[in-house]
Structure formats: structure tokens, C-alpha cells
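Below: the structure, in C-alpha cells.
The values are calculated or read from the model by the stated rules, or taken from the named source; none is laboratory data. Predicted model, so just to flag it, every value in this text is computed and none were measured. Reconstructed Cβ throughout: ideal geometry from the backbone, glycine too, with neighbour counts over all protein chains shown.
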Amino acid sequence: MLSRHGIAYRVSIDLPEGSYVNLGIGIPNLIGDMLPPGKEIFFHSENGILGMGPAPPAGQEDIDLINAGKQYVTVIPGASFFDHPTSFSMIRGGHIDFCVLGALQVAANGDLANWRTPGEKVPGVGGAMDLAFGVKNIFVTMTHVAKDGSPKILNNCTLPLTAPRCVRRIFTDMALIDVTPDGLVLREVAPGLTPEQVQAKTEPRLTVAADCREMTIPEKYRAARGAG
Amino acid sequence: MLSRHGIAYRVSIDLPEGSYVNLGIGIPNLIGDMLPPGKEIFFHSENGILGMGPAPPAGQEDIDLINAGKQYVTVIPGASFFDHPTSFSMIRGGHIDFCVLGALQVAANGDLANWRTPGEKVPGVGGAMDLAFGVKNIFVTMTHVAKDGSPKILNNCTLPLTAPRCVRRIFTDMALIDVTPDGLVLREVAPGLTPEQVQAKTEPRLTVAADCREMTIPEKYRAARGAG
Amino acid sequence: MIDKTLKTCAEAVSRVFDGATVMLGGFGDPGLPGVLIEALREHGAKDLWVIHNGAGQGDYALAGLMDDGRVRKLTCSFPSHPGNKAFANRYMRGEIELELVPQGTLCERIRAAGAGLGGFFTPTGAGTELAAGKETRMINGREHVFEMPLSADFAFVRAYQGDRLGNLTYRMAMLNFNVPMCTAAKHVVAEIDELVPAGGIDPQQVHTPGIFVDHVVHCARHPVLASKVNLQNPGRA
Amino acid sequence: MIDKTLKTCAEAVSRVFDGATVMLGGFGDPGLPGVLIEALREHGAKDLWVIHNGAGQGDYALAGLMDDGRVRKLTCSFPSHPGNKAFANRYMRGEIELELVPQGTLCERIRAAGAGLGGFFTPTGAGTELAAGKETRMINGREHVFEMPLSADFAFVRAYQGDRLGNLTYRMAMLNFNVPMCTAAKHVVAEIDELVPAGGIDPQQVHTPGIFVDHVVHCARHPVLASKVNLQNPGRA
């Protein structure tokens with residue numbers, strides 16, 4: 001099993017140098033710190049920033065520099081600021097290469113549900129739909145199962161969709177799974193797990209890739225197996 | 001009768017301080033020089049300039065600073081540059097207060113024809129339609145009659161329209177005429193002319209305004225009566 | 001001489017009428033017109049239709065306006081921030097109507113209004129509950145949703161520099177909704193950190209040309225906002 | 001390290017294929033990618049669909065490309081400049097197809113493609129011959145015309161400053177069509193007056209963020225353009 005940081009680490013390996021990437025709130029937010037020094041990736045924030053850097057040291061926050069999650073951030077050399085229409089042109093126009101989002105549910109066909117939780121009083125969508133519809137490669141990060149142990153990778157989403165058929169790759173604490181036209185393909189399992197154990201926690205049938213392997217993850221990013 | 005500069009002078013009186021104005025090619029281009037010192041008007045150019053000033057002295061042209069007519073221009077303090085979508089948002093979004101255009105024909109209902117001349121080999125529309133459809137107040141400047149003496153203010157335009165029902169006021173070498181829901185209203189005549197003489201060169205019936213008067217135009221802007 | 005400066009935000013909001021549609025700029029704190037919103041609270045206009053990305057936070061600015069019971073309808077993308085108690089309470093009692101719009105569609109609808117367009121087709125939301133009841137069309141093999149322009153009677157924004165002609169610049173992430181909102185309302189007011197002379201802003205660096213702005217008010221930022229961080233903060237009085 | 005710089009315009013146009021759609025930036029001379037267009041003439045690709053505001057002038061750049069018989073179709077707003085003999089001759093012989101679009105609609109269609117929209121309704125042109133055969137709709141009591149996005153395989157522009165990341169700024173009236181065209185093509189190249197280090201452009205002053213640009217080429221302006229005026233001219237070698 002991977003820790004949250006382990007999931008973020010595994011995603012970071014799949015982001016190529018020179019790519020333009022939007023990170024959602026939660027696990028995706030940990031990815032920036034996982035990149036090796038010198039691997040240049042441009043992080044986009046919906047509120048009009050391209051080229052976000054690490055969080056500022058305490059006391060050095062700039063009142064006018066926050067990300068879409070309302071956290072204070074910094075920018076790297078070569079960054080740019082722009083207005084919302086330009087920012088969402090980047091998203092909807094297919095200019096962002098990767099978006100890494102959290103998910104409540106993912107279906108076998110790539111349907112994503114991540115904007116509306118059951119029983120919430122006030123709904124809020126923010127930029128989630130724009131990202132899910134607009135970005136070329138949607139990566140999802142999440143725990144493989146819900147707190148009650150039920151699978152989050154389902155035959156069909158039961159929660160309201162963020163976007164249909166948008167997810168390309170799923171990164172969980174148990175596995176790396178690709179969404180393909182032929183269904184879900186298990187590419188990697190977390191250290192110590194077998195494909196069968198992953199399948200047991202996944203509703204749709206997984207095709208185990210011929211070269212399915214155990215993830216290479218530093219020891220510090222592994223986690224004790226969860227209750228699920 | 002007014003000279004071309006006389007027509008431009010008469011228009012300049014009707015442009016209030018603080019207004020945003022787009023000037024077409026030809027007579028409208030003369031208006032900037034007619035403004036009294038200190039009357040602050042912001043001139044817009046479709047290619048992305050707000051706050052155009054007078055033409056530069058020879059040898060001081062800037063290669064990157066031309067207007068929509070491809071002439072070298074200058075800018076005044078407080079000017080701004082922007083891209084085409086922003087520039088045409090100003091036009092189409094109703095932000096420009098006045099546009100002064102030349103015309104081939106104007107109809108009694110305000111229809112304007114000014115983009116396609118008879119017998120031309122290559123048609124070109126440029127920004128003419130955007131301006132005619134988008135700007136709040138369309139002012140037309142032209143000679144009252146064509147070179148062959150035929151009226152250019154007609155019951156119906158015979159040339160392809162630039163925009164229907166867009167013209168608000170017509171400035172010619174003979175008269176100032178308003179387009180109103182009740183038809184054309186003659187407000188002013190050029191020095192020495194009578195309403196009857198203007199009507200004789202105008203196809204639709206003109207309503208002579210109760211306060212119709214002779215224009216106040218400096219002597220230097222008057223012209224000998226044309227052959228028409 | 002053109003002079004769009006006003007002395008006070010009270011003066012700037014004085015024309016707001018009951019039932020008016022009001023765009024409030026900003027995303028989070030950057031670009032939020034906190035002083036104008038407080039002036040609007042003082043002013044007293046009610047039954048407002050507010051257009052903003054969120055629903056406010058804490059008890060200042062928009063949250064305060066909601067708490068005062070002055071907002072009839074909110075068009076936004078993200079009213080579900082945990083700090084939005086003022087909205088949540090009134091929404092759950094059915095006292096505020098909510099129009100929930102994806103963030104990119106929201107800013108594009110505002111831009112469309114400012115640009116004089118009659119609406120547009122966007123892929124965002126097609127097949128989801130946020131597109132329920134909306135016109136859809138297949139374009140280039142993809143389902144699109146038709147969205148209408150969104151305009152307002154008033155738009156209030158916070159900018160960095162401004163001049164007497166209404167030209168504005170923004171610092172960093174202040175641009176956000178402020179740029180399109182300035183184009184989409186009948187009456188636009190910007191509160192600004194610095195008043196500079198005409199020509200004090202390089203014409204290539206104007207973010208909002210003065211043609212879109214009716215008034216600028218030079219004032220310190222709203223105290224809650226200005227107090228949030230200490231360094232790099234042009235909003236401190 | 002990201003490095004979008006190329007040494008020559010020849011290299012930058014090498015991928016252009018027969019039948020490609022090519023956006024050429026600029027309005028008049030400002031922003032015109034004269035060196036790239038000359039490289040495209042040398043390159044030899046034919047049957048091109050060119051999108052540009054006009055049809056070129058004189059015998060250089062786009063006019064030269066037309067004269068060489070390499071343009072199959074032109075989408076533009078104003079091909080009727082008296083200096084456009086190369087286009088006029090071929091057009092009257094029926095050798096070039098012309099799609100005539102009002103200038104504001106042209107740039108908005110390009111922007112729509114870059115912004116991932118499926119088209120929009122505009123009042124411009126309704127009831128005129130340029131809207132003949134197009135879908136129309138009454139919106140808020142006014143007739144609107146439906147216009148589709150306009151994208152391209154390649155976009156070539158001239159900018160002022162650029163960096164290795166593709167960030168661009170423009171001087172004065174150079175922005176024009178270049179800003180939207182950079183967003184609307186699969187492969188975007190900018191020739192630039194000055195190459196600056198990453199971070200050399202203030203993030204608030206970037207006109208075209210590098211995400212939209214594939215390559216930058218640092219080179220003197222096309223000799224015809226650079227020779228036009230003597231002063232205030234950053235394009236002189």
C-alpha cells in the first residue's frame with residue numbers, strides 16, 4: 001500500500017519534463033514536492049497562474065498570490081499571470097497536458113464523479129468540470145476504496161458525474177490502472193500486493209497487463225495496509 | 001456647401017468630451033485635427049489602440065504603431081494597446097460611443113451601404129460591419145450626391161448593406177440629417193443653402209425640424225457649390 | 001478633462017438600486033472589492049442578484065452582505081467553501097436562489113456579454129446535471145451546451161494601479177474575474193491601491209483599458225484583507 | 001530544461017505540409033511574421049489554406065507566397081487593399097478560393113478555437129450578404145448569426161520579446177491577431193526581436209503565455225519591414 005505521498009510520488013514519475021499540469025486539491029497538491037530537481041514542469045492554477053512554485057516561507061506570503069485552493073503560493077522564473085477567460089481557454093482549449101484530480105468514483109468507461117458528495121448541503125463545482133472536460137490527460141488520485149471499504153472504481157458511477165469518459169489513468173494506494181477503449185487495464189500494483197488483491201477491491205473486471213509489475217516506490221512512501 | 005474639412009469640423013462639434021470614438025478612412029480621418037485644444041476624446045483603432053494622437057512628424061514614425069488604415073500614428077498619455085478580440089469586444093459590446101464612417105448609400109431607415117462598390121473586383125469588408133453593427137452611435141460623413149449628381153440618401157439602398165438600420169446622423173457637404181423612427185429629419189443646412197435645395201438632392205422626403213438652422217462653420221471650411 | 005476618480009466608495013455605490021444585478025470581482029482575496037462591498041452594505045440596496053465566483057467567507061464583504069439578507073440570488077461556481085456559513089444558512093432556508101455554473105463557463109458568459117456576443121456552445125457540462133434542460137448540439141463530433149451571456153447593472157473590482165481615465169493594472173492573481181467583469185456591466189467601479197497620472201501606466205501593460213471603467217476610487221484595502229499577511233502587501237494603508 | 005528556441009526560421013517551417021492550414025499573424029506590418037513567411041516560400045509547401053487579416057502587399061511575404069501559386073484558399077477580412085495585386089490576379093482567374101469574414105468575427109472565431117468553444121452567435125453581419133446561408137437566431141430581440149471556430153495546423157507570428165519557455169510580449173500594435181492565433185493552431189512559432197532569459201519578462205506583462213507557443217526564433221525583422229522607417233525601430237538588424 002502507498003501513503004498519500006506515495007501516490008503523489010508515483011504520479012510525479014508520469015509527468016514529463018516540459019509538460020503543463022493542473023493539480024487539484026488534496027493528494028495532487030503533494031506532487032510538486034516530489035519532482036526531482038531540474039525536471040521543469042509548469043503548474044497551472046485556474047485563477048490565472050502558470051508557473052507556480054513551492055509554498056512561500058511563513059511571513060513571506062504575498063496577499064495577491066494564491067492558487068485555486070486559496071493557498072498562498074510562489075511563482076518560478078518564466079511564470080505568467082492572466083485573467084479567468086484566458087485561464088479557462090488554456091483548460092477548455094486543450095492546452096494543459098495533464099490534470100491530476102481527486103475522485104469520489106471512477107467508472108470502467110472513464111466516467112468521473114468528484115464534484116458532488118452525497119448529503120452535502122451546498123453544492124459547488126468550481127473549475128472541476130472545466131478541467132475534466134478540457135484537459136487532454138485526466139489522472140485521478142484516490143484511495144482505492146472508500147472509508148467503509150467499498151470500491152470507488154465501479155461499473156457505473158452512482159454520484160453525479162463531473163464529466164463522462166474523461167479519466168485516462170487512475171493512481172491509488174493499491175494500483176495504477178489505465179482506462180482504455182477495452183476497459184480497465186491493471187499496469188502496476190503497490191509493493192506487496194497481487195493483481196488478485198487489487199481486483200478484489202475493484203468492481204469492474206481488470207485486465208492484467210502482460211507487463212504488469214510492482215511499483216518502484218521508495219520505502220518512506222509506503223504505508224501499512226489499510227483496514228480495507 | 002462645406003469642404004471635406006468642413007464636414008469633419010461639423011462632426012467634431014457633436015463629439016462630447018470623454019467620448020470613445022472610432023474614425024473611418026477618408027473624411028472621418030480629418031476630425032482629430034478639428035478638436036479644440038483640451039477637449040479630451042479617446043480615439044479607437046480596430047487594430048488594438050485606444051488613445052490615438054496626431055500623425056507623427058516625418059522621421060519619427062514607429063514601425064509598430066499604425067492605425068486600421070495602415071497609417072503611422074502616435075498615442076496620447078493614457079493610451080492602451082490590446083489584441084484584436086479585445087478591440088472588437090469594445091466595438092461589438094457597445095463600449096465605443098461614436099463611429100464616424102464614410103458611406104456609399106444611406107437609406108431613410110438608417111440602412112448603410114459602404115463596404116462593397118459596384119464593379120469592384122475583389123471584395124473586402126475589414127471592420128466595417130463590426131463597427132456598423134456594434135457602435136452605439138453611427139455617424140455618416142459623405143458628399144450629399146454621387147459624382148454623377150445622383151442622390152446617395154435613398155429610399156432603399158441598392159448596394160449590399162453593411163448593416164441595416166444603424167445610421168443615426170448623416171453629415172454631408174449640404175446638410176445635417178438625423179435618422180429617426182419617423183424618418184429623416186433635416187436639422188441643419190450648409191451656409192447659403194435652403195431646405196428645399198437639400199430636399200432636391202435627397203430621394204426620401206425630409207422632415208424639416210422646427211428649429212432647422214444654417215450651420216455655424218468657419219469661412220475656411222466652406223466650399224464653392226459643386227456641379228451637382 | 002476626463003476625470004473618473006471618486007473620493008469615496010460610498011459615492012461609488014450610491015446608484016445601486018433595489019433588485020440590481022451586481023458583479024463582484026476577485027477570486028479569494030486577490031482582486032476582491034472589499035471596501036466597495038462594505039460600502040454597499042452601508043448603502044442598503046436589497047434584493048440584489050450577485051455574480052461572483054464564490055459566496056464569500058467569514059463575516060466580511062460578501063458574507064456580510066448575505067448575512068444582512070440583501071442578496072436574492074447568487075450566480076457562482078463555488079459557494080461550498082466551508083467558510084461560507086452566511087450563504088449556507090440562508091440557502092438552506094430557501095432565502096437565496098442559487099445558479100451554479102462551472103467556473104470556466106461563468107467567466108466566459110461574462111466575457112460574452114462584454115464582447116456583445118449572443119451566447120456560445122461549450123463542451124463543459126454536457127451530459128451532467130448542470131446541463132439539465134439546456135440546449136445541446138453535436139459539433140465536430142462532440143456534445144456541446146449552449147450558454148447565454150451574463151451581464152450586470154454594476155461591476156465592482158479591486159485593481160492595483162489606476163488613472164483618472166479608468167485604465168487599470170492588476171498585481172499577480174488579481175486579474176481573475178475582474179478583467180471580464182469590467183466589460184460586462186453598465187456601471188463599473190474599481191477601488192485601487194495606487195492612483196497614477198494619465199500616462200503613468202505603460203500602454204502595453206494596461207490590463208483593463210479605461211473605456212470599460214466608469215469610476216476609480218483610491219483607498220486602502222478592506223482591513224480584513226489588508227491584515228491577512230504582512231509582507232509584500234501593497235494593500236496596507 | 002525546457003528550450004523552445006530554434007536557430008532558424010527554415011527549421012521552424014520545416015514541418016509545414018502540402019494542404020496545411022496556416023495562420024499568419026500581423027495587421028499591416030506590425031506583428032507580421034515576414035521572415036517565417038519567406039522561409040515558408042523557400043520551403044515549398046503548396047495548396048495552403050492561409051488565414052490572415054488581408055492578402056499581403058507588394059511582392060514580399062504573403063503576397064510573394066500568393067505569387068508563387070502556393071495558396072489554395074484565403075480566409076480574411078480585407079483582401080482588397082490596392083497593393084494586393086498578387087492576390088487579385090489569382091483570385092480573378094479563379095485560382096484562389098476566398099472566404100470573406102468581418103474582422104471582428106474573424107478574430108473571435110480564432111479565439112473560440114483556441115478557447116475550446118464550439119462556436120458563438122454574433123450580431124455582426126445579420127441580414128447582409130456575408131451571412132447568406134448561415135444559421136441565424138433571435139437573441140434578446142436581435143438577430144444573430146452562428147459562427148464556427150477557426151483553427152489551423154500552424155500559426156506564425158512576430159513578437160517583441162520572447163524567452164526559452166515561449167512567453168511573448170508585443171510592442172504597441174503588434175498584438176492584433178497574434179494573441180488569438182497563438183492559441184488556435186497545433187504548432188505555433190514566433191519570430192522575436194529579443195530573446196530574454198526565463199524570468200526576464202515580468203509575469204504580469206506576458207501577453208502570450210508560453211503554453212501556447214511551440215518555438216521561438218530570434219532574428220532581425222524581414223528586410224522590407226525593417227527598412228520602412230528609421231526611428232523607434234527595434235526590428236533593425
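Scan segment D:6-20 for residues that are out of contact with any Asp or Glu (no Cβ under 6 Å at 6 or more places or on another chain) and assigned to a loop (DSSP other than H, G, I, E, B) and jot them down. The answer is D:K7, D:T8, D:V13, D:S14, D:R15, D:V16, D:F17. Regarding A:L104, is this residue within 12 Å of chain C (Cβ to nearest Cβ) and among the aliphatic types (A, V, I, L, M)? When the stated conditions are applied, A:L104 does not pass them. Here B:T117 passes the criteria (1) closer than 30 Å to D:E147 by Cα; (2) touching a residue at least 60 places away in the same chain (Cβ under 8 Å) except the one numbered (2). Candidates are the residues of segment C:102-118 that are within 9 Å of chain A (Cβ to nearest Cβ), outside any loop (DSSP other than H, G, I, E, B) and more than 14 Å from the chain's Cα centre (by Cα); the one that is surrounded by the fewest Cβ atoms within 10 Å (Cβ to Cβ) is C:T105. Which members of segment B:199-214 meet the condition of being in a strand (DSSP E or B) and under 24 Å from B:N156 (Cβ atoms)? Selection gives B:T207, B:V208, B:A209.
Considering segment A:53-88, and only residues there that are closer than 19 Å to D:K4 by Cα and of a type in the set (A, V, I, L, M), the residue that is surrounded by the most Cβ atoms within 10 Å (Cβ to Cβ) turns out to be A:A79.
Matching residues to (1) at pLDDT 95 or above; (2) farther than 19 Å from D:V71 by Cβ; (3) among the aromatic types (F, W, Y):
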| position | (1), (2), (3) |
| --- | --- |
| D:M1 | no, yes, no |
| D:F17 | yes, no, yes |
| D:G31 | yes, yes, no |
| D:G34 | yes, no, no |
| D:L40 | yes, no, no |
| D:A45 | yes, no, no |
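What residue, among those in segment A:24-52 that are in contact with a helix residue (DSSP H, G or I) (Cβ under 6 Å, 6 or more places away or on another chain) and either surrounded by fewer than 17 Cβ atoms within 10 Å (Cβ to Cβ) or within 27 Å of A:M174 (Cβ to Cβ) (or both), is nearest to the other protein chains (Cβ to nearest Cβ)? Top of the filtered list is A:L35. D:Q204 fulfils the conditions (1) assigned to a helix (DSSP H, G or I); (2) within 14 Å of chain A (Cβ to nearest Cβ); (3) in contact with a Gly (Cβ under 9 Å, 6 or more places away or on another chain) except for a single criterion, (3).
Applying the set (1) out of contact with any Ser or Thr (no Cβ under 8 Å at 6 or more places or on another chain); (2) within 20 Å of C:C9 (Cα to Cα) to C:M172 leaves exactly one unmet item: (2). All conditions in (1) over 18 Å from D:R109 (Cα atoms); (2) surrounded by 16 or more Cβ atoms within 10 Å (Cβ to Cβ) hold for D:L195, with the sole exception of (2). Identify the residue in segment A:89-133 that is farther than 24 Å from C:P79 by Cβ and small (G, A, S) and, among all such residues, is surrounded by the most Cβ atoms within 10 Å (Cβ to Cβ). By that ranking, first place goes to A:S89.
Taking the conditions (1) more than 9 Å from chain B (Cβ to nearest Cβ); (2) small (G, A, S); (3) touching a residue at least 12 places away in the same chain (Cβ under 8 Å) in turn, D:G125 satisfies each one other than (1).
I'd like to verify a number: residues in segment B:8-29 that are at pLDDT below 95 and either among the polar types (S, T, N, Q) or in contact with a His (Cβ under 7 Å, 6 or more places away or on another chain) (or both), how many? Residues in segment B:8-29 being at pLDDT below 95 and either among the polar types (S, T, N, Q) or in contact with a His (Cβ under 7 Å, 6 or more places away or on another chain) (or both): 1 in total.
Only one of the listed residues (D:R109, D:R70) is out of contact with any Phe, Trp or Tyr (no Cβ under 7 Å at 6 or more places or on another chain), of a type in the set (K, R) and touching a residue at least 40 places away in the same chain (Cβ under 8 Å). That residue is D:R109.
Go through the residues of segment A:188-201 one by one and say whether even a single one is touching a Gly at 6+ places or on another chain (Cβ under 8 Å) and surrounded by fewer than 24 Cβ atoms within 10 Å (Cβ to Cβ). Within segment A:188-201, one or more residues are touching a Gly at 6+ places or on another chain (Cβ under 8 Å) and surrounded by fewer than 24 Cβ atoms within 10 Å (Cβ to Cβ).
Can A:S12 be described as buried (at least 24 other Cβ atoms within 10 Å of the Cβ) and either of a type outside the set (G, A, S) or not in a loop (DSSP other than H, G, I, E, B) (or both)? No; evaluated as a whole, the condition is false for this residue.
A quick yes/no check of all residues on (1) part of a loop (DSSP other than H, G, I, E, B); (2) out of contact with any Cys (no Cβ under 7 Å at 6 or more places or on another chain); (3) over 18 Å from C:H207 (Cα atoms):
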| position | (1), (2), (3) |
| --- | --- |
| D:E143 | no, yes, yes |
| D:L150 | yes, yes, yes |
| D:D153 | no, yes, yes |
| D:F156 | no, yes, yes |
| D:L165 | yes, yes, yes |
| D:N176 | yes, yes, no |
| D:V179 | no, yes, no |
| D:C182 | no, yes, yes |
| D:E191 | no, no, yes |
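Please verify whether segment D:26-41 includes one or more residues that are within 14 Å of another protein chain (Cβ to nearest Cβ), in contact with a Ser or Thr (Cβ under 8 Å, 6 or more places away or on another chain) and buried (at least 24 other Cβ atoms within 10 Å of the Cβ). No: segment D:26-41 contains no residue that is within 14 Å of another protein chain (Cβ to nearest Cβ), in contact with a Ser or Thr (Cβ under 8 Å, 6 or more places away or on another chain) and buried (at least 24 other Cβ atoms within 10 Å of the Cβ). For segment B:78-99, a residue qualifies if it is in a loop (DSSP other than H, G, I, E, B) and not acidic (D, E), and the qualifying residues are B:F82, B:G93, B:G94, B:H95, B:I96.
State yes or no: is A:L30 touching a Pro at 6+ places or on another chain (Cβ under 7 Å) and over 21 Å from C:I110 (Cβ atoms)? It is false that A:L30 is touching a Pro at 6+ places or on another chain (Cβ under 7 Å) and over 21 Å from C:I110 (Cβ atoms).
Residues that are of a type in the set (S, T, Y) and away from chain C (no Cβ under 14 Å) do occur in segment B:138-145, at least one of them. Looking across C:E135, C:E99, one residue alone is under 17 Å from the mean Cα position of the chain (by Cα), more than 10 Å from chain A (Cβ to nearest Cβ) and surrounded by fewer than 24 Cβ atoms within 10 Å (Cβ to Cβ). It is C:E99. Taking the criterion of being hydrophobic (A, V, I, L, M, F, W, C), under 21 Å from C:R111 (Cβ atoms) and within 10 Å of chain D (Cβ to nearest Cβ), the residues of segment C:138-151 that qualify are C:I139, C:V145, C:F146, C:M148.
Under the condition of being of a type in the set (D, E, K, R) and either farther than 30 Å from B:V73 by Cα or surrounded by fewer than 24 Cβ atoms within 10 Å (Cβ to Cβ) (or both), the residues counted in segment D:149-170 number 2.
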